[in-house]
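Everything below concerns the one structure shown next.
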Amino acid sequence: GGAVSGTPAFDRLAGSGLLLTNCFANAQRSTEGLPAILVSFPTTSYGDIPYQSRFVPVGQVFKQYGYQTLFVHGATRGTMGFDALISRIGIERALWRQDFKDLPADRFGLWGVYDEDVFKRAHAEFAAFRKPFLGVIYSLASHTPYDIPPEWRKPFAADAPHSAFLNALAYSDHALAKFFELACQAPYYSNTLFMVTGDHTEGQSTAGNLYDAYHIPCWWFAPGVVAPGTGHAAGKSAQIL
């Protein structure tokens, strides 16, 4: 929906689900954004979550109802302490850069595994589950330093405003499209609630005002369950969630 779109695939997908247009990140760092999404702690870092509290980790909640839980991230285990967070909130299994040993060396960038390979691996794991599951894919490409595969044909010229970010975003969008191409052919597709959002905004391109500095997309999709819509149509989905 921006003046310049780096997400043609997401733009196409958005019309088939519930696109919430008035959503905001809690912070501008991943170490605060990811706990907000997975833990519902709005501004504290996960190292400060009190142990003697009524906090019930999301992994434990899903396990109680018979779900398997998986977190997939292409960075090295230990990056930003995310491995500690995932363990703390009770997600049973996590895949990191070290777990993509079968990939050739050119599928690894500065931070880790390229998004397309991460999304493909996540789909394979989801398709193999024999129980209901909670799966979290945490992408890398659209974050600084915007490292993408060298063969990716960049749609934005180098002299275009914020071209490094937009090209990385377009690549991550491409990976998302490939994921849904695979997912729609799998049995889990018709019985899954998908959610796509951001942990925080880009930073440099969103520094113009407070609204843009925190404004993020949020899209819910469940074939035949969540009615397509935008913005304040969220009231209909609340009953489902």
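The values are calculated or read from the model by the stated rules, or taken from the named source; none is laboratory data. None of these values were measured; they are calculated from a predicted model. Note that each Cβ is placed from the backbone with ideal geometry, even for glycine, and that neighbours are counted across all protein chains shown. Quick note on the areas: whole protein, heavy atoms, side chains included, nothing else; ligands and nucleic acids left out. Shrake-Rupley method; radii C 1.70, N 1.55, O 1.52, S 1.80 Å.
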Any residue at all in region 61-69 that's surrounded by 14 or more Cβ atoms within 10 Å (Cβ to Cβ), free of Cβ contacts under 8 Å to residues at least 40 places away in the same chain and over 26 Å from LYS178 (Cα atoms)? yes
Residue pairs, Cβ under 6 Å, 6 or more apart or interchain, first in region 193-206 and without any contact (Cβ under 8 Å) to a residue 24 or more places away in the chain, second among the aliphatic types (A, V, I, L, M) and buried (at least 16 other Cβ atoms within 10 Å of the Cβ). List them. THR206/ALA213
Taking region 112-133 on its own, how many of its residues are closer than 18 Å to TYR67 by Cβ and buried (at least 20 other Cβ atoms within 10 Å of the Cβ)? 3
When you go through GLY224, GLY231, GLY203, GLY208 one by one, which is the residue that is open to solvent by 50 Å² or more (accessible area, probe 1.4 Å), on the phi > 0 side of the Ramachandran plot and modelled with pLDDT under 95? GLY224
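When you go through LEU134, LEU140 one by one, which is the residue that is under 30 Å from LYS63 (Cβ atoms), assigned to a loop (DSSP other than H, G, I, E, B) and not charged (D, E, K, R)? Even if it seems obvious, please write down each step before you answer.
Values: LEU134 fails: assigned to a loop (DSSP other than H, G, I, E, B).
Of LEU134, LEU140, the one residue that is under 30 Å from LYS63 (Cβ atoms), assigned to a loop (DSSP other than H, G, I, E, B) and not charged (D, E, K, R) is LEU140.
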Log entry, pairs with first residue in region 85-100 being farther than 19 Å from GLN60 by Cα, second being open to solvent by less than 30 Å² (accessible area, probe 1.4 Å) and part of a loop (DSSP other than H, G, I, E, B), beta carbons closer than 7 Å, six or more apart or on different chains, reads ARG97/GLY74
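In the set PRO155, PRO161, which member is open to solvent by 30 Å² or more (accessible area, probe 1.4 Å), touching a Pro at 6+ places or on another chain (Cβ under 9 Å), under 20 Å from SER5 (Cα atoms) and part of a loop (DSSP other than H, G, I, E, B)?
Within the list PRO155, PRO161, the selection yields PRO155.
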Cross-chain or 6+ apart pairs with Cβ under 6 Å, region 1-17 first and closer than 24 Å to GLY224 by Cβ, then modelled with pLDDT of 95 or more: ALA9/ASP173; ALA9/LEU176; ALA9/ALA177; PHE10/ASP173; ALA14/TRP219; GLY17/TRP219; GLY17/TRP220; GLY17/PHE221
From TYR138, TYR211, grab the single residue that is more than 26 Å from HIS73 (Cβ to Cβ) and among the aromatic types (Phe, Trp, Tyr). TYR211
From ASP147, ASP173, residue being within 20 Å of the chain's Cα centre (by Cα), buried (at least 19 other Cβ atoms within 10 Å of the Cβ) and not aromatic (Phe, Trp, Tyr): ASP173
Exclusive hit being under 25 Å from THR79 (Cα atoms) and either without any contact (Cβ under 8 Å) to a residue 40 or more places away in the chain or touching a helix residue (DSSP H, G or I) at 6+ places or on another chain (Cβ under 7 Å) (or both), set PHE119, PHE165: PHE119
Identify the residue in region 37-57 that is modelled with pLDDT under 85 and in a helix (DSSP H, G or I) and, among all such residues, is surrounded by the most Cβ atoms within 10 Å (Cβ to Cβ). TYR46
First in region 179-190 and more than 14 Å from PHE129 (Cα to Cα), second anywhere and open to solvent by 20 Å² or more (accessible area, probe 1.4 Å) and among the basic types (Lys, Arg), Cβ under 9 Å, 6 or more apart: PHE179/LYS120; LEU182/LYS120
Would you check if there is a residue in region 178-191 being modelled with pLDDT of 95 or more, open to solvent by 50 Å² or more (accessible area, probe 1.4 Å), part of a strand (DSSP E or B) and out of contact with any helix residue (DSSP H, G or I) (no Cβ under 8 Å at 6 or more places or on another chain)? no
